[in-house]
Every structure is written in C-alpha cells, then in structure tokens.
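See below for the structure under consideration.
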C-alpha cells in the first residue's frame, strides 16, 4: 500500500479515536493539498448537537478557510468511513479531486456502496475515489464502538 495513503489515513484514524474519546461515533477526516494536511475533522454531532457536524464537513470547512477559497480543486480527502449523501455532496461542491476512505458503508455510502454521488454524470464535478484504505482498522474502530455502546445500553 502507498506510504502516502497510509500516512494520511493514520492521521484520520487518530481523529476518529479523538471522536470516540468524546463519546462520538469514531469517524475522522483530513484534507490534503501539496502533501500537507490543510483541514482536519472528526465527528461532533453529539457534542455540537448539529446534524451536519460530520468529520468530512469539518475538515472541508477548515481547508476552505485555510486556502481562503471554497474550491479545493487540488485537494484529496482521507476519511475513515465511506461518505454519506451530505458529505458526498460537499465533496463534489468543493471540487475535491480524490477521496480515499477506509471502511465501506453498505447502508448509506455514496462513493460506491449504496449510491455513486462522487462520480455521478449529472453532477457539475466528479471526484475519484479509492476505498478500503486500512479497512480492517477503520471497521474495527466502528464495530468496537457500537459493540460497547450496545453493551452499555443492554442491547443486542
């Protein structure tokens, strides 16, 4: 596996672990341009009580502020879970060149698992993607989080 991809996915995983430590669903994301991280984010829906406080949205917003532009044409996004519809829409709108994700999201993934928003011909921009980067590690984070949450709530 490409060392660059490992480096940036590990950074996203660290952010996912930060989210988990705050009792948030462990999802992390980084936006990269010219080999440097220009935006970081992790899931904060519970702590912010905002439906839009996803890792990707936070990372994209920070990258846009850093570059003083909503266009992230030369940027790549690394995220621990395949983007949802909202995040895929933001990725396309920001014109992010490529998305690398860890775990596949079979219920609502919008790169390839459920829908194909990133590469939809009807959109004004397309973002390439590559899934399965450190998939086992990313999936384990999510599985362990939900297993512990169910055990705490005595659910099966």
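The values are calculated or read from the model by the stated rules, or taken from the named source; none is laboratory data. All values derive from a computational prediction rather than experimental measurement. A quick note on method: Cβ atoms are made from the backbone with ideal geometry, for glycine too, and the neighbour counts reach across all protein chains shown.
Structure above, values below:
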item: Residue 27, sole failed condition from (1) under 20 Å from residue 140 (Cβ atoms); (2) in contact with a strand residue (DSSP E or B) (Cβ under 6 Å, 6 or more places away or on another chain); (3) surrounded by fewer than 18 Cβ atoms within 10 Å (Cβ to Cβ); result: (3)
item: So residue 66, is it within 21 Å of residue 137 (Cα to Cα), part of a helix (DSSP H, G or I) and touching a residue at least 12 places away in the same chain (Cβ under 8 Å); result: no
item: Qualifying residue in segment 80-91 (condition: more than 29 Å from residue 148 (Cβ to Cβ), modelled with pLDDT of 95 or more and buried (at least 24 other Cβ atoms within 10 Å of the Cβ)); result: yes
item: From 108, 127, residue being buried (at least 18 other Cβ atoms within 10 Å of the Cβ), under 23 Å from residue 77 (Cα atoms) and touching a helix residue (DSSP H, G or I) at 6+ places or on another chain (Cβ under 9 Å); result: 127
item: Among (1) assigned to a loop (DSSP other than H, G, I, E, B); (2) in contact with a helix residue (DSSP H, G or I) (Cβ under 6 Å, 6 or more places away or on another chain); (3) surrounded by 15 or more Cβ atoms within 10 Å (Cβ to Cβ) - the single one residue 39 does not satisfy; result: (1)
item: Condition met for residue 116 (surrounded by 14 or more Cβ atoms within 10 Å (Cβ to Cβ) and in contact (Cβ under 8 Å) with a residue 12 or more places away in the chain); result: no
item: Tally, over segment 5-36, of residues that are on the phi < 0 side of the Ramachandran plot and part of a loop (DSSP other than H, G, I, E, B); result: 5
item: Residues located in segment 42-63, provided they are in a loop (DSSP other than H, G, I, E, B) and either at negative phi or crowded, with 22+ Cβ neighbours inside 10 Å (or both); result: 43, 44, 50, 51, 52, 53, 54
